[in-house]
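The values are calculated or read from the model by the stated rules, or taken from the named source; none is laboratory data. Since the structure is predicted, the reported quantities are computational estimates derived from the model, not experimental observations. Counting neighbours? That spans all protein chains shown, and the Cβs are built from the backbone with ideal geometry, glycine included. Remember, those area values only see protein heavy atoms, side chains included, never the ligands or the DNA or RNA. Shrake-Rupley method; radii C 1.70, N 1.55, O 1.52, S 1.80 Å.
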Amino acid sequence: MSSNIKILCVIGGVHAAYAYSTSNTDDVIVTNKYKMVIHGSTKYMIYDEKGRHYAVNNSLWYWKWDSVEDWSSLKKGDNVKVKYYGIRSPVFGLFPNIVTSNVKN
């Protein structure tokens, strides 16, 4: 196996471990939603009542490919049960990534 493939396997394994080890669920109230463009890439974001920012992006590890539709369906004031992974790290520009969202009535 070439060294490039080994490196990709290690990086993928580390990212998968990060995604699953930081997984959590929470109830949030959407107070704002916005798009953030960084280096030509758009991140779909929400902001909750506790001042936390979440990215609503696709995820290979959770086999999620409909994030734009999920983000579009969320409205300000919605009480939402979310499953997310990741931590907020301003230094590295990291946000928790929402992988499921269910609006509560």
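Summary of values
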item	result
Prolate/oblate/rounded label for the stretch 28-85 (Cα gyration tensor, a/c 1.5)	oblate
Listed residue pairs exceeding 18 Å between alpha carbons, taken from 43/104; 43/81; 50/81; 50/75; 64/104	43/104; 43/81; 64/104
For the chain, accessible area per residue (1.4 Å probe, heavy atoms of protein chains only), Å²	63 Å²
Potential extension, residue 22-residue 8 segment - 0.36 nm per residue separation minus Cα distance	2.9 nm
Gain upon complete extension [residue 35, residue 79; 0.36 nm per residue less C-alpha separation]	13.8 nm
Folded to 0 to 90 degrees: helix 3-21 orientation relative to the chain principal axis, Cα	30 degrees
Environment charge of residue 57, counting only residues whose C-beta is closer than 15 Å and scoring Lys/Arg +1, Asp/Glu -1	+3
Stretchable slack from residue 104 to residue 53, in nm (0.36 nm times residue separation minus alpha-carbon distance)	16.4 nm
Fluctuation leader among 56, 30, 91 - the chain, Gaussian network, Cα springs under 10 angstrom	91
About the Cα centre, charge dipole magnitude for the chain (Lys/Arg +1, Asp/Glu -1 at Cβ), debye	140 debye
Carbon + sulfur, % of accessible area of the stretch 43-105 - ligands and nucleic acids excluded, 1.4 Å	57 percent
Reported label for calculated Rg and Dmax of the Cα atoms in Å given [x] 14.9, 53; [y] 13.2, 40; [z] 18.1, 66	[x]
